[in-house]
Every structure is written in C-alpha cells, then in structure tokens.
C-alpha cells in the first residue's frame, strides 16, 4: 500500500475513503492535491472560495473603473452601478463594500468624506480613487 505522498497527483485527486465518526455515520473524506484531508463541506467551501476570489478581482477592477469615471460614491451607489453594468445579480451593498475595503487597504482608493445614505438616512463614507477627488 502506498502513502499519500507516493500517489500520482491524479490518484490523489480521485482518492476517497470512508471514515467512521463517533456517531457511526460514514462521511466521505477526500484528500486534496496537497495531501490534506477534506470532507465534502470543506471541499465545496474551497471551490466556492476559489470562484469568489476570481469574481472579487473582477469586481475590484470594475469598481476602480466606476470611481475613476464617476468620482466619489458610496458603497450602495457603487453596488447599484455594478448591478446596472451586469457585474452583480442585485444592487445589494455587500457586493461592493468588501471590495471597497480591500481597495482601501491596497492604497488604491480613499474616503473623501461622508454623506447621508438615500436608503438608510445614516451618514456613510464616500469613496474615490486616490488622487481623484
């Protein structure tokens, strides 16, 4: 019998075996390409994460484009524009806010002030590309 490290990559990718847990259930456990044990929820979470990373990169690029074209905007306004451009399925603010935070931490955008949100009435940050008011 071979160890995990001795298997060919394709064999490791396809390897599945059963492990009994303390309740007598038999969840499927998969060994990923790096040799880590993953159960089905972990595997699907990883797949979703990889897809989300690609989507986030595209969204960050489009957000920079939007802020360059239109100037300062709130997260909700950016989300609305992402939706109008067909990048996101809805105009939900959370499609934009995390990407704005990432762009801020990367030094690509800044906050230029606050303004009342048309939806909530609360003051919210206005975002702009660094160097472009």
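Quick note: the coordinates plus some simple rules give every number you see, no bench work behind them. It should be emphasised that the depicted structure is a prediction, and the values quoted were computed from it without experimental measurement. Note that each Cβ is placed from the backbone with ideal geometry, even for glycine, and that neighbours are counted across all protein chains shown.
Values for this structure:
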item	result
Rounded FRET efficiency, nearest 0.05, which uses the C-beta distance separating residue 105 from residue 84 and R0 of 25 Å	0.45
Distance in nm between pseudo-label sites at residue 47 and residue 69 (7 Å out along the Cβ direction from Cα)	3.4 nm
Mean Cβ neighbour count within 10 Å, used as a protection proxy, ranking 107-119, 91-103, 44-56 highest first	91-103, 107-119, 44-56
Three-way shape label, the range 51-133, alpha-carbon gyration tensor, a/c 1.5	oblate
